[in-house]
There are 2 protein chains.
Amino acid sequence: MTAATKFTLTEDRIPTHWVNLLPDLPGEPLPPLNPGTMQPAGPDDLTPIFPMELIGQEVSMEHEVEIPEPVRDVYRLWRPTPLYRAHRLERLLDTPARIYYKYEGVSPAGSHKPNSAVAQAYANKEAGIERLVTETGAGQWGSALALACSLFGLECVVYMVGASYDQKPYRRAMMESWGASVIRSPSDTTESGRSQAEHTTGSLGIAISEAVEVAAGNEGTNYALGSVLNHVCLHQTVIGQEAMAQMEMAGDEPDVVVGCVGGGSNFAGMAFPFLRRVLRGDAKTRFVAAEPAACPTLTRGAYRYDFGDTVGLTPLMPMYTLGHDFVPPPVHAGGLRYHGDSPMVCGLVKAGLIEPRAYRQNETFEAAIRFARTEAILPAPEPAHAIRAVLDEAEEAKQAGEARVILFNLCGHGHFDMSAYDAYLAGKLEDPEFSEADMEAALERLPDAPAIA
Amino acid sequence: MTAATKFTLTEDRIPTHWVNLLPDLPGEPLPPLNPGTMQPAGPDDLTPIFPMELIGQEVSMEHEVEIPEPVRDVYRLWRPTPLYRAHRLERLLDTPARIYYKYEGVSPAGSHKPNSAVAQAYANKEAGIERLVTETGAGQWGSALALACSLFGLECVVYMVGASYDQKPYRRAMMESWGASVIRSPSDTTESGRSQAEHTTGSLGIAISEAVEVAAGNEGTNYALGSVLNHVCLHQTVIGQEAMAQMEMAGDEPDVVVGCVGGGSNFAGMAFPFLRRVLRGDAKTRFVAAEPAACPTLTRGAYRYDFGDTVGLTPLMPMYTLGHDFVPPPVHAGGLRYHGDSPMVCGLVKAGLIEPRAYRQNETFEAAIRFARTEAILPAPEPAHAIRAVLDEAEEAKQAGEARVILFNLCGHGHFDMSAYDAYLAGKLEDPEFSEADMEAALERLPDAPAIA
């Protein structure tokens, strides 16, 4: 084979700036709302839990934000990440499509999450903060923040969703190896936790409430969120910028960019640099967002203002939502089990620029196994959703006899998800259904916020 | 920081040849012995379980062996691997030493093992073999062979040491995800397994006996070994060759090369290309081999002819040994729990060219945690032994005020070893002792083979 498999950038090609898509978005950005007054939230609403630097990034209308050198210095531990041409998968599928993937699993935490964790830890350290508190579902974000805090000398406390805490002791051990304290949520360490004690297996929404409560109530302690917010999507754009340079090396231009969506950060990180080209009329790329059918926020949710957490401590955000107290069925893609999504991603779906698709759990694992047996990497359950969408795109290209160029974000490996593979191979993987009735009930409990025009 | 952290080679820098150290070794190579006749073993002794291509590599006196293009094509999925300068660790240690490490954990199986697994699977596929049988302890080798077989369309059967099978269900699931069948050893599927049924937790030696028995007794089925043999060490030399090119990029030359030793393959892979320079008088590098104090083959074993397996089915090899039926205490570095070692590595220790050192389990995990909290990567328990030796070298350099250049092989990550980290952090990690009495007893049961001059 003559064509390259792997497109490798040297260390000096790590981006110097993050790409901020906010000023390129059509229309005026919708502000978050103060949960008490339902009025637009300002910096004062956020200073108890975030440093000014990140609040500034959250609302910045600059097209690019410079990456601080100490952050780039940590990025050097694993970035630039490789971009692959999936020759073997293409042959298996007998498709004329050319399939490329960016692999973020080479980070020490095994996913894209450290791209933002490092930026957040640094901004907080610079602001004199001593401790960060966060939540984690599957454990990817908690691991990433534990790692980032260990590198910048910050304490780290992670509220881990009860069901994951019980099922994934190795993720907990990973966070503890990097020096973090891990607390099972709901816990009795917070009012939020005590008020939700009957939900013994916990949820991401409850764990967020606990972490926000601790950050808001303690001097020197801040909160860190691993997805959803604008500044998190911003930090992840190193992915798409590198991918763009690597696609140039490959001499190809993507016709379609695919990613999975939970809170939206890995999708945004890959897609936003390419989306800016489309918004400026310089390209005609399509974008596909893959989500679990058991938690189909983008395909079935209501486009409304809603809280980011279960208890209702966070500002309200304009997004597709299944209701802030909706508890998604226990699918293994824990990182995709969130009732809402990034407001920026949601706005782009609403505008028709991103096409959402929902997939069942078993069909995503079937795709993951086909990928692993040809491309060798065992994907995490979250990007397995993206792979499922890629197989469909490749099949469409085959039917159409079209040399479609597909690029997707393989945002993490599945080393901590082998029990799910085990269940799939044994034919015992549940395929839980989304309950329209549960969602309807959850939507009835939405806060009384203004409708979105 | 201006100095680079990561030295990255492009895909075209994957070596085209493996380095064969055999013709450069001092003295005549000692032949393996037929276990029945105690006479030098020839190709006929090996054809029932190995293809001719690998037997040829085992005894080759060529200085270099060309890597088949389909093998290099698979290497492209993760090679070249990165080489790092450990700036952060150096600062933590406040040492004038410059520390570099080659990271093999980026392979899809998480260790260096696929370098040989792919070469072996390809050679067997070319010879018309349909199925490979092997053993695995910690699971690194079994995973690697399962992966390689999936890529070349071979069946794969793995006999997994009972204790690991029970403690590491996720390693089993990984092998099964790549399509392998995994059998708990000792099993009732072989005579060897039935004869050792009382050793319920199994051992690497027993699992080897089972796999060799199946391979020898079935047409179209061969055996694959993950370490010890010359051809396995040969395949791993891609590591040292890449490292040499990367050290040139860094503008440094190692004063000392460090690796852990179980069967010897990762150590040989890193060291042999550098050792060849020393043997030819072109360099004065030192070499340090780190092993567990609970299984101190190189530091405490007898230099004798012994079997590679427990039952006594394999040829006898000249090596340091603790006795082929010695069962090492259950330390977490399962990949280092082997009674013998690569004959080539043993000969070099005997000749004084490699300096062996033994470390206790707790001190290796202490080193691993210090590494993880500065360099971010969570090492497997096996290379944690190498890290322990590196910390000692760096401290010596500090005492001597010497800018010593240290290079080590970080041969795998610890994602499947988090229960060991968990035990260490909880202060519950056992620190089992080597039993001189057990070894003496095992040595008394050595085969009646000629002494080594």
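Where a number appears in this text, it was derived from the coordinates with a stated rule and is not lab data. Quantities reported herein were computed from a predicted structural model and do not represent experimental measurements. Glycine gets a Cβ as well: all are built from the backbone with ideal geometry, and neighbour counts include every protein chain shown.
To one decimal in nm, how far is residue A:92 from the same spot in the other copies, if labels go 7 Å from Cα toward Cβ? Please give the shortest first.
Reported distances to equivalent positions: 3.8 nm.
To test your reading of the geometry: what angle, between 0 and 90 degrees and rounded to tens, separates the Cα axis of helix B:204-217 from the longest principal axis of chain B?
With rounding to tens, the tilt is 50 degrees.
Please report the relative contact order for the stretch B:258-312, taking Cα pairs under 8 Å with a sequence separation of at least 6, and give it as a percent rounded to a whole number.
34
How would B:141, B:178 line up from fewest to most surrounding beta-carbon atoms within 10 angstrom?
Going from sparsest to densest Cβ surroundings: B:178, B:141.
Using a label point 7 Å beyond Cα on the Cα-Cβ vector, give me the inter-copy distances for residue A:31 in nanometres, one decimal, shortest first.
Its label point is 8.9 nm from the equivalent points in the other copies.
Treating only the Cβ atoms of Lys and Arg (+1) and Asp and Glu (-1) as charged, compute the dipole magnitude of chain B about its Cα centre; round to the nearest 20 debye.
1260
Per residue of A:100-109, what is the mean number of Cβ atoms on other protein chains within 10 angstrom of that residue's Cβ?
Details: counts 0, 0, 0, 2, 0, 2, 5, 2, 7, 2.
Taking the mean over all residues of the peptide, I get 2.
In debye to the nearest 20, how big a dipole does the protein assembly as shown give about its Cα centre with +1 on each Lys and Arg Cβ and -1 on each Asp and Glu Cβ?
Numbers: 72 positive and 118 negative charges, 202 e Å.
Its charge dipole is roughly 980 debye.
Going by the alpha-carbon gyration tensor, a ≥ b ≥ c the square roots of its eigenvalues, is the stretch B:116-226 rounded (a/c under 1.5) or, if a/c is not under 1.5, prolate (a/b greater than b/c) versus oblate?
Oblate, since a/c reaches 1.5 and b/c is not below a/b.
With a 4.7 Å Cβ cut-off, tell me which Cys residues in chain B come up empty for a partner.
Here B:233, B:260, B:295, B:346, B:411 come out as lacking a disulfide-compatible partner, given the Cβ-Cβ threshold of under 4.7 Å.
When Lys and Arg each count +1 and Asp and Glu each count -1, what net charge do the other residues less than 11 Å away from residue A:67, Cβ to Cβ, add up to?
-2
Helix B:114-126 against the longest principal axis of chain B: what's the angle in degrees, Cα atoms only, rounded to the nearest 10?
It works out to around 40 degrees.
Which angle from 0 to 90°, rounded to the nearest 10, does the C-alpha axis of helix B:265-279 make with the longest principal axis of chain B?
60
Please compute the contact order of the stretch B:1-152 in relative form: average sequence separation of alpha-carbon pairs under 8 Å and at least six residues apart, divided by the residue count, as a percent.
Value for the stretch B:1-152: 24 percent.
With each run of n ≥ 4 DSSP H residues scored as -39500 (n - 2.57), what mean residue ellipticity at 222 nm is computed for the protein assembly as shown after dividing by its residue count and rounding to the nearest 500 deg cm²/dmol?
Calculated at 222 nm, the ellipticity per residue is -12000 deg cm²/dmol.
Sorting B:393, B:58 on the 10 Å Cβ count, fewest up front, what's the list?
Ranked by crowding around the Cβ, least crowded first: B:58, B:393.
Between the stretch A:154-206 and the stretch B:20-60, what is the separation of their alpha carbon centroids in Å?
The two parts, judged by their Cα centres, are 56 Å apart.
What are the residues whose amide H is under 5 Å from the amide H of residue A:359, where those residues sit 5 or more places off or on another chain and H is modelled from the backbone?
Sorted by chain and number, the residues that satisfy this are A:291, A:293.
Just add up the charged neighbours of residue B:306: K/R +1, D/E -1, any other residue whose Cβ is under 14 Å from the Cβ of residue B:306.
Details: positive: B:304, B:445; negative: B:309, B:325, B:341, B:444, B:448.
Summing Lys and Arg as +1 and Asp and Glu as -1 gives -3.
Roughly how crowded by other chains is peptide A:168-180, in terms of the mean Cβ count from those chains within 10 Å of each of its Cβ atoms?
Details: counts 1, 3, 9, 2, 2, 12, 7, 0, 6, 12, 5, 4, 0.
Per-residue shielding by partner chains comes out at 5.
If the cut-off is 16 Å between C-alpha atoms, which aspartates and glutamates fall inside it for residue A:398, apart from same-chain ones fewer than 8 positions away?
Candidates past the 8-residue exclusion: A:90, A:94, A:255.
List every residue whose amide H lies under 5 Å from the amide H of residue A:342, counting only residues 5 or more places away in sequence or on a different chain, with H placed 1.01 Å from N in the peptide plane.
A:228, A:264
Using θ = phi - 60° and the Karplus relation 6.51 cos²θ - 1.76 cosθ + 1.60, list the HN-Hα couplings for the stretch A:66-78 in order, rounded to whole Hz, with x at every Gly or Pro.
Each residue of the stretch A:66-78 in turn: 5, 8, x, 4, x, 6, 4, 4, 6, 3, 4, 5, 9 Hz.
Given a cut-off of under 8 Å on Cα pairs at least six residues apart, what relative contact order in percent is computed for chain A?
In percent, rounded to a whole number, it is 19.
When a footprinting reagent is the concern and you count Cβ atoms within 10 Å, what order do A:439, A:247 take, fewest first? Please list the in-between numbers first.
Working: A:439 22, A:247 19.
Lowest to highest Cβ neighbour count: A:247, A:439.
Starting from a label point 7 Å past Cα on the Cβ side, list the distances from residue A:69 to the same position in the other copies, nm, shortest first.
Result, one decimal in nm: 4.7.
Closest beta-carbon to the B-to-A rotation axis: which chain B residue owns it, and what is the separation in whole Å?
It is B:415, 2, counting Cβ atoms only.
Considering amide H positions built from the backbone, and no H for Pro or chain starts, which residues 5 or more places from residue B:287, or on another chain, come under 5 Å of its amide H?
B:257, B:355
Could you sort out which of A:125/B:102; A:102/A:284; A:6/B:125; A:125/B:428; B:102/B:168; A:102/A:168 sit more than 23 Å apart by Cα distance in this structure? Don't jump to the answer; show the numbers that get you there.
On the way: A:125/B:102 31 Å; A:102/A:284 20 Å; A:6/B:125 25 Å; A:125/B:428 33 Å; B:102/B:168 26 Å; A:102/A:168 26 Å.
Pairs exceeding 23 Å: A:125/B:102; A:6/B:125; A:125/B:428; B:102/B:168; A:102/A:168.
Can you tell me the dipole magnitude for the stretch A:226-294 around its Cα centre, using point charges on the Cβ only (Lys, Arg +1; Asp, Glu -1), in Debye to the nearest 20?
Details: 5 positive and 7 negative charges, 52 e Å.
Using only the charged Cβ atoms, the result is roughly 260 debye.
Using a 7 Å offset from the Cα along the Cα-to-Cβ direction at both residue A:419 and residue A:440, what is the distance between the two label points in nm, to one decimal?
In this crude spin-label approximation the distance works out to 3.5 nm.
Please name whichever of B:127, B:410, B:159 sits farthest to the positive end of the charge dipole of chain B, dipole taken about the Cα centre and charges placed at Cβ: Lys and Arg +1, Asp and Glu -1.
Of the options given, the answer is B:410.
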